[in-house]
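Worksheet for the structure shown next.
None of the figures in this text is laboratory data; all of them are computed from the coordinates on show. This one's a predicted model, so the numbers in the text were calculated from it and none came from an experiment. Positions of Cβ are generated from backbone atoms using ideal geometry, with glycine treated the same way; all protein chains shown enter the neighbour counts.
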Amino acid sequence: MYRHGSFLAARGGVLPSVEGPTPIFRVASEDLRQRYLEPLMRAEKEMCFALTEPEAGSDATQIRTRAEQKNGAYILNGRKHFITHGAEADFAVVFAVTDMEKRARGGITAFIVEKGWPGFEVTRLARTASTVDLPAELTFDNVEVPAANVLGEEGQGFYAAMQWINGGRLHIAASALGIAQHLFDSMLEYARTRTAFGQPLGKNQYVQGYVVDSWCELESARGLVYEMASRIDDGSDGRREAAAAKLVATEMVGRVADRAIQVYGGNGFMTEMGIERFWREVRAQRLYEGTSEILRTNIAKTLGL
Ligand SMILES: Cc1cc2nc3c(=O)[nH]c(=O)nc-3n(C[C@H](O)[C@H](O)[C@H](O)COP(=O)(O)OP(=O)(O)OC[C@H]3O[C@@H](n4cnc5c(N)ncnc54)[C@H](O)[C@@H]3O)c2cc1C
């Protein structure tokens, strides 16, 4: 699993969870599977997942994008932001309110909206700490979406998103393990080969501490992520497990990335060594698909708090 993460990281840290097939398609009709899932599976198309809005991030139940029925179709109005691959995607899975009173309790619906449909525009690209992705702002101005493009049942979009998010969280946890493995391997090699004061850096106990603490934390996180994934395989609904895996692995990789820079010294901060990039990229893992604070809140709820 972590090798896969390293591979992804080496290709630019792009996570396929938002651009490729996601488990949300489990609720899709046969027609939607053929038109959208199959080209995704063949890697002929990319998608994006558009839930977050300027006024609704952690509390996604407060989204304002509306979809109103008219002549057998839905008219979509609203704005999404921070959408990964929003500019490149061939289509977007967009969440909109279809019943203002019910909202997250049966009033949020998921739609598949194609690039190029009148009124659907990429209105801004955000510059970030990452050099890889420019999350997009997407604007929907009276976009007509055919009823056949409702993903799952009307009003059930929020539930579908929440079911999907466990898989996304595990995916990010696995990616964090892969990146941490790569950083650990790199810092170990550097500590063995770089010399200062006539001996390898790794003979210094401070440097040993950075390497050893990173190894211990990586192995602890790996054990936890695998155990959580296995509990989901065994039938757990995954809410606590996926949140715990993402929380522990992404917090861990942040610390490992910081130590890797310290072991590399000034070289770690220089772009050409390829270390500082991971330090920047992994920072966002503690934000998207559930911030660390929201994950803790989710876990607390499953513990009856
Ligand atoms: C690089 C990147 C890519 C993204 N890609 C996508 C995407 O493809 N699709 C998409 O829909 N969204 C995407 N997002 C949005 C992401 O999911 C949100 O940024 C995230 O949910 C947090 O929302 P927010 O930024 O509005 O922060 P806020 O909700 O404003 O929260 C701000 C801070 O307050 C904390 N906080 C909020 N409420 C509580 C609480 N009850 N208890 C404790 N702490 C709390 C948060 O944890 C956070 O630290 C992306 C974000 C980033 C950074």
- Got a sec to turn the phi values of the stretch 45-55 into Karplus ³J(HN,Hα) couplings, 6.51 cos²θ - 1.76 cosθ + 1.60 with θ = phi - 60°, whole Hz, x for Gly and Pro? 10, 10, 10, 9, 10, 10, 10, 5, 10, x, 9
- Task: Determine the distance separating the Cα centre of the stretch 104-160 from the Cα centre of the stretch 230-305; give it in Å without decimals.
- Result: 26
- Cross-link reach list, lysines versus K301, counting only Cα pairs under 23 Å and skipping chain neighbours closer than eight places: K102, K246
- Message: Taking θ = phi - 60°, what integer Hz values does the Karplus form 6.51 cos²θ - 1.76 cosθ + 1.60 yield along the stretch 130-147, in sequence order, with x for Gly and Pro?
- Response: 8, 9, 8, 10, 10, x, 10, 9, 10, 10, 10, 10, 6, 7, 8, 10, x, 4
- Query: Once the Cβ-Cβ distance between S58 and R194 is put in as r, and R0 is 45 Å, what FRET efficiency do you end up with, to the nearest 0.05?
  - Reply: 0.60
- Between S220 and E114, take the C-beta separation as r, use R0 = 35 Å, and let me know the FRET efficiency to the nearest 0.05. 0.20
- Task: Provide the percentage of antiparallel DSSP beta bridges, counting only those with both residues in the chain; round to the nearest 5.
- Result: 85
- Query: About its Cα centre, what dipole magnitude does the chain give when the only charges are +1 on Lys and Arg Cβ and -1 on Asp and Glu Cβ, stated in debye to the nearest 20?
  - Reply: 680
- Task: Work out from phi, with θ = phi - 60° and the Karplus expression 6.51 cos²θ - 1.76 cosθ + 1.60, the ³J(HN,Hα) of each residue of the stretch 163-170, listed in order in whole Hz, and give x for Gly and Pro.
- Result: 5, 5, 5, 4, x, x, 5, 5
- Taking H as built 1.01 Å from N, whose amide H comes closer than 5 Å to the amide H of V143, not counting residues under 5 places away? L76
- Task: At a temperature of 20 °C and a viscosity of 1.002 mPa s, determine how fast the chain diffuses translationally according to Stokes-Einstein, using the Kirkwood radius over alpha-carbon pairs as Rh; express D in µm²/s, rounded to the nearest whole number.
- Result: 104
